[in-house]
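**Student:** Once you've had a glance at the structure underneath, I'll fire off some questions.
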Amino acid sequence: MIKKYYLLSPGPTPIPEKVLSAAAEPIIHHRTAEFSKIFMEVTEGLKYVFQTKEDVYILASSGTGAMETAVINTLSPGDKVITLNGGKFGERWGNICRAFGLDTKEIIVPWGEDYPPEKLAEDLKQNPGVKAVFATLSETSTGAIFDIKGFGEVVSKTEAILVVDGISGLGATPCQMDEWKIDVLVTGSQKSFMIPPGLAYIAFSPKGWKMVETSKLPKFYYDIKKYRKNLEKQTTPWTPAVSLIIQQGKALDLIKSIGLENLLKHHAILGEATRAGVKAIGLELLAKKPGNILTAIKTPAGVDGNKLVKTMQNKYMAYISNAQDPHKGEFFRIAHLGYMGGFDITTALTALEMTLLDLGYNQFQPGASVAAAEKILREGWE
Ligand SMILES: *Cc1c(COP(=O)(O)O)cnc(C)c1O
């Protein structure tokens, strides 16, 4: 068999052909009108996906760079913060805050469980003086989504700002920065934004900017005020990742032509099809509130989860993702975000069924998951 490579992981994600070929164009200089024009168009396009009137800043880093940027530009040493840890990425907020000497109250939510806004209201009441709440839109380690809109309602009534990691969710699940009262929103390029890894994006609300004005944590490369000053001149403080920005322009053209609303609907159909598929062969989901970005599926009893992922990847070249530490092997993740189509889902399900049969799990009718997914895809196809 020719072993064709199928990228089905929640980042990096597949990239449209037009976006790929843009990277092969000769490089242009960044201090030129030609680049500034592209740069400003990309900034505008990002505002559309962020659903904000505020400017969106482009950093040459992976998503974590934007998370760090959010922390160091809004807070001062010793400030009290709440971080919501519902998985690997929520945990990162706590790690960053502690690294910068913040008084960090970490709320640990068991992987896959929910944390409703009412609980946040309680936790804020019990922790007076909190300057910022750090949350995750789509917890990519578990597939769960959190009620950011509800968090916005709670946090906006306090002195604190709401900082949201939208790294896998933004562009795949609803998230309206202004409407939902998000004060700092960050994301990265290699998830729903349909380009390779290497760029991160961040925007601040007026309340967020007020915090920027008083923030005393040390910063240099990620000093957002430098970015703001340079954006007025239609440029960046440091050499931008020119090719990636050009690629983002092409991907945003595609996103705009589909329309954000349709794109979210598309992800909802892929998510539903995946969930229906795995349930049809007797598997269980991890998340209580699964999002449409990726689906985390519990490894069935009697199957070695690490072997399952290795077989999917090495034998069938279907690059789904294992669970992350400390839950490796307990569940696995099939992504459906960014530039993925309906047949990426049926491919993933076929490879999953064949793998399960290889590993001795056979309490299902072969093809049952694909049939269930097919029904959803066909009904939703436009
Ligand atoms: C991928 C991801 C990150 C980490 O981003 P990097 O690009 O690896 O730095 C953080 N948060 C979430 C929710 C993610 O999905």
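The values are calculated or read from the model by the stated rules, or taken from the named source; none is laboratory data. Quantities reported herein were computed from a predicted structural model and do not represent experimental measurements. Note that we place each Cβ from the backbone using ideal geometry, even for glycine, and neighbour counts take in every protein chain shown.
**Student:** Of all residues in the range 194-222 being small (Gly, Ala, Ser) and on the phi < 0 side of the Ramachandran plot, which is surrounded by the fewest Cβ atoms within 10 Å (Cβ to Cβ)?
**Tutor:** Top of the filtered list is 215.
**Student:** Taking the range 8-47, which residues are surrounded by 13 or more Cβ atoms within 10 Å (Cβ to Cβ) and of a type in the set (Gly, Ala, Ser)?
**Tutor:** Passing the criteria: 9, 11, 22, 23, 36, 45.
**Student:** Within the range 206-226, count every residue that is assigned to a helix (DSSP H, G or I) and either touching a helix residue (DSSP H, G or I) at 6+ places or on another chain (Cβ under 6 Å) or among the acidic types (Asp, Glu) (or both).
**Tutor:** Looking only at that region, the number is 4.
**Student:** From the list 85, 73, pick out the single residue that is in the same structural domain as residue 186 (by TED's automatic domain parsing) and under 17 Å from residue 147 (Cβ atoms).
**Tutor:** Unique residue meeting the criteria: 85.
**Student:** Looking at (1) in a loop (DSSP other than H, G, I, E, B); (2) buried (at least 21 other Cβ atoms within 10 Å of the Cβ); (3) more than 16 Å from the ligand (Cβ to nearest atom), which is the only condition residue 159 fails?
**Tutor:** Residue 159 satisfies every listed condition except (2).
**Student:** So residue 96 fits all but one of (1) within 13 Å of the ligand (Cβ to nearest atom); (2) surrounded by 22 or more Cβ atoms within 10 Å (Cβ to Cβ); what number is the exception?
**Tutor:** (2)
**Student:** Being modelled with pLDDT of 95 or more and within 16 Å of the ligand (Cβ to nearest atom) narrows it down to one of 21, 36, 61, 76, so name that one.
**Tutor:** The match here is 61.
**Student:** Another one. Report yes if residue 191 is crowded, with 22+ Cβ neighbours inside 10 Å, assigned to a loop (DSSP other than H, G, I, E, B) and of a type in the set (Lys, Arg), otherwise no.
**Tutor:** Taking the combined requirement at face value, the residue satisfies it.
**Student:** I need the full set of residues from the range 107-148 which are closer than 17 Å to residue 68 by Cβ and touching a Cys at 6+ places or on another chain (Cβ under 9 Å), in order please.
**Tutor:** Across the range 107-148, the qualifying residues are 132, 134.
**Student:** Still on this model: Can you tell me which of 197, 240 is more than 21 Å from the chain's Cα centre (by Cα), in contact (Cβ under 8 Å) with a residue 60 or more places away in the chain and in a loop (DSSP other than H, G, I, E, B)?
**Tutor:** On inspection, the qualifying residue turns out to be 240.
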